[in-house]
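Notes follow the structure.
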Amino acid sequence: MVAAVAKAKKQGKAVVLMAGAHVIKCGLTPVLAELLRKKVITCICLNGAGVIHDFEIAFQGKTSEDVAASLIEGKFGMGRETAEFINGAVSKGAVRGMGLGEAVAHRIAQEKLPHRELSLLYQAYKYRVPVCVFVAIGTDIIHQHPSFDAGLTGVASKRDFHTLVAHLPNINKGGVVLNFGSAVVLPEVFLKALNLSRNTGNRVQDFVTANFDMIYHYRPAVNIVSRPVMAGGQGYYIIGHHELMLPMLAQAIMEQL
């Protein structure tokens with residue numbers, strides 16, 4: 001994988017990083033920021049929870065809560081600041097023609113949040129790398145709040161889907177797709193985006209994919225590692241903790257470059 005990413009960078013091919021929320025939650029943004037700074041990563045894909053943890057880190061320097069304890073009294077995820085910031089950013093951004101990732105990143109930059117340098121959205125915004133966010137309605141804590149607009153959220157997330165579809169031809173003949181820790185949403189999105197890109201006349205084959213996770217999951221195995229490269233390319237499934245695998249991968253890539 002190290003050689004594939006380094007080769008893609010040297011040849012000007014796309015390297016798409018997809019990440020579940022745990023990658024951000026456990027503090028790996030500085031590692032990814034270095035890959036952004038060196039122009040290795042060309043597109044980032046997140047789920048809705050990833051944006052939530054990212055904002056909270058930018059806002060207060062920490063994230064997460066005791067779900068079990070809060071759930072008993074119906075207080076889980078009811079923090080006002082997170083919901084109002086993200087939902088407000090998405091609604092305003094959608095009206096202005098932004099995708100969801102860009103809308104939240106723009107507001108983090110605009111509001112000059114105190115820990116924004118630790119935000120993956122902000123780092124991507126700074127280095128002009130698109131962040132595509134794919135939201136499943138009802139899966140995120142901010143959907144419980146009156147500030148949530150499902151319609152505008154859907155519009156903004158759909159724009160991000162179109163951004164990903166338009167980006168995927170850049171992985172043809174040597175690009176790389178990495179998925180860290182998304183077991184369902186991002187593998188499903190990637191498969192449909194790849195299909196639509198091919199359907200609209202693009203040649204997207206002969207690329208490398210890899211799924212990194214702590215255990216084996218069926219959906220990433222077929223939608224990241226197997227099916228996408230049937231027309232040409234190679235897929236890998238690598239098992240290990242993100243806190244170990246991602247820094248080692250990033251360091252090895254930078255050494256090759």
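Quick one: which of Lys10/Lys92; Lys112/Lys192; Lys62/Lys92; Lys39/Lys173 span more than 28 angstrom between C-alpha atoms?
Lys10/Lys92; Lys112/Lys192
Distances longer than 22 Å among the Cα atoms of the range 4-99: what percent of all pairs is that?
Considering the range 4-99, 44 percent of its Cα-Cα pairs are separated by more than 22 Å.
Report the Rg/Rh value for the range 72-155, based on alpha-carbon coordinates and the Kirkwood definition of Rh. Show your work: numbers first, answer last.
Details: Rg = 13.0 Å, Rh = 13.3 Å.
Across the range 72-155, the Cα-based Rg/Rh ratio is 0.98.
Of Ile86, Ala150, Gly174, which is farthest along the charge dipole of the chain in the positive direction, counting Lys and Arg as +1 and Asp and Glu as -1 at C-beta?
Projecting each Cα onto the dipole axis, the largest value belongs to Gly174.
Mind ranking 38-45, 64-71 by how tightly packed they are, going by the mean number of other C-beta atoms within 10 angstrom, highest first?
Top to bottom by mean Cβ count within 10 Å: 38-45, 64-71.
Rg/Rh for the range 107-170 to two decimals, with Rh computed the Kirkwood way over all alpha-carbon pairs.
Ratio value, two decimals: 1.01.
Could the peptides 14-27, 238-251, 83-96 be put in order, highest first, of the mean number of other beta-carbon atoms found within 10 Å of their residues?
Packing order, densest peptide first, comes out as 14-27, 83-96, 238-251.
Mind pulling the per residue volume of the convex hull built on the Cα atoms of the range 89-218? Å³ is fine.
Details: hull volume 18.4 nm³, N = 130.
Normalising the Cα hull of the range 89-218 by residue number yields 142 Å³.
Give the cross-link partners of Lys126 among the aspartates and glutamates, using a straight C-alpha distance below 16 Å as the criterion and excluding same-chain residues fewer than 8 apart.
Glu34, Asp54, Glu102, Glu111, Glu117
Mind running the shape call on the range 164-257? Use the C-alpha gyration tensor, a ≥ b ≥ c as the square roots of the eigenvalues: rounded below 1.5 for a/c, prolate if a/b tops b/c, oblate otherwise.
Because a/c hits 1.5 or more and a/b fails to exceed b/c, the range 164-257 counts as oblate.
Tell me the mean residue ellipticity at 222 nm calculated for the chain from its helices only (DSSP H runs of n ≥ 4, each -39500 (n - 2.57), averaged over every residue, nearest 500).
So the calculated ellipticity at 222 nm is -15000 deg cm²/dmol.
When all alpha-carbon pairs of the chain are counted, what percent fall beyond 25 Å?
Numbers: 13319 of 32896 pairs.
Summing the P(r) of the chain above 25 Å gives 40 percent of all pairs.
Apply 1/(1 + (r/R0)^6) to the Cβ-Cβ distance of Tyr236 and Lys192, taking R0 = 22 Å, and write down the FRET efficiency to the nearest 0.05. Let's see the in-between values first.
Working: r = 22 Å, r/R0 = 0.98.
Rounded to the nearest 0.05, the efficiency is 0.55.
Any read-out appearing in this document is the output of simple, stated calculations on the displayed coordinates, not a laboratory observation. Predicted model only: the values in this text are computed from it and were never measured. Ideal geometry is used to build each Cβ from the backbone, glycine not excepted, and the neighbour counts take in all protein chains shown.
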